[in-house]
Amino acid sequence: MTSRSVTHTTFSIDRAFPVPPSQVFRAFADPERKQRWFAPPADWVGRHHSMEFRPGGRETNRGGPPGGPVHRFEARYHQIVDDERIVYSYDLFLDEQQMSVSLATIELRPADAGTAMTFTEQGAFFDGIDDPAGREEGTRLLLAALAESLVDLS
């Protein structure tokens, strides 16, 4: 019998970007721009992305290495304030096994050199499949990829 558990965590990451909040917001809102930094690795198979960026809208990102497993991100947008805030919840799956459920809040503020961003995630991690430290590190890597995608805009 599988041992069931849930681990709860909250983490926040602060980042600065050398572009205005509107450009950072657009990197989340525009499907083409988002895929520049939020796409699965190029060698993954079964890649699929769909996105309806509006309150109540959904986003799905799926793919996996040849031979599996399939990683799936399923999100629902709850609140969007142009150039200021994005709030969404998301489930992560490994094949059909649910790894976690999270609530993410992205806050954007004008700063002297561009944009100050705070990313906060509150998560429930199931059955030891994923861990909070790994999620935070993965999120830091995604935000570094976001920063890299904004370089040609500065």
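The values are calculated or read from the model by the stated rules, or taken from the named source; none is laboratory data. Note that the structure is predicted; figures quoted are calculated from it, not measured. Cβ: placed from backbone, ideal geometry, glycine included. Neighbour counts: every protein chain shown.
What the table below lists for this structure:
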| read-out | value |
| --- | --- |
| Answer residue from the range 11-45, given it is exposed (fewer than 14 other Cβ atoms within 10 Å of the Cβ) and either in contact with a Pro (Cβ under 9 Å, 6 or more places away or on another chain) or of a type in the set (F, W, Y) (or both) and is nearest to A147 (Cα to Cα) among those | P41 |
| Unmet criterion (only one of (1) modelled with pLDDT of 95 or more; (2) aliphatic (A, V, I, L, M); (3) within 12 Å of the chain's Cα centre (by Cα)) for A39 | (1) |
| Residue match in the range 105-117 (condition: in contact with a Ser or Thr (Cβ under 6 Å, 6 or more places away or on another chain), in contact (Cβ under 8 Å) with a residue 24 or more places away in the chain and closer than 22 Å to T10 by Cβ) | yes |
| Criterion (touching a strand residue (DSSP E or B) at 6+ places or on another chain (Cβ under 6 Å) and in a loop (DSSP other than H, G, I, E, B)) met by exactly one of P66, P41 | P66 |
| Qualifying residue in the range 71-85 (condition: hydroxyl-bearing (S, T, Y), part of a helix (DSSP H, G or I) and either surrounded by 14 or more Cβ atoms within 10 Å (Cβ to Cβ) or out of contact with any Cys (no Cβ under 9 Å at 6 or more places or on another chain) (or both)) | no |
| Those residues of the range 103-154 which are farther than 13 Å from Q23 by Cα and touching a Leu at 6+ places or on another chain (Cβ under 8 Å), in sequence order | F119, E121, Q122, G123, I129, D130 |
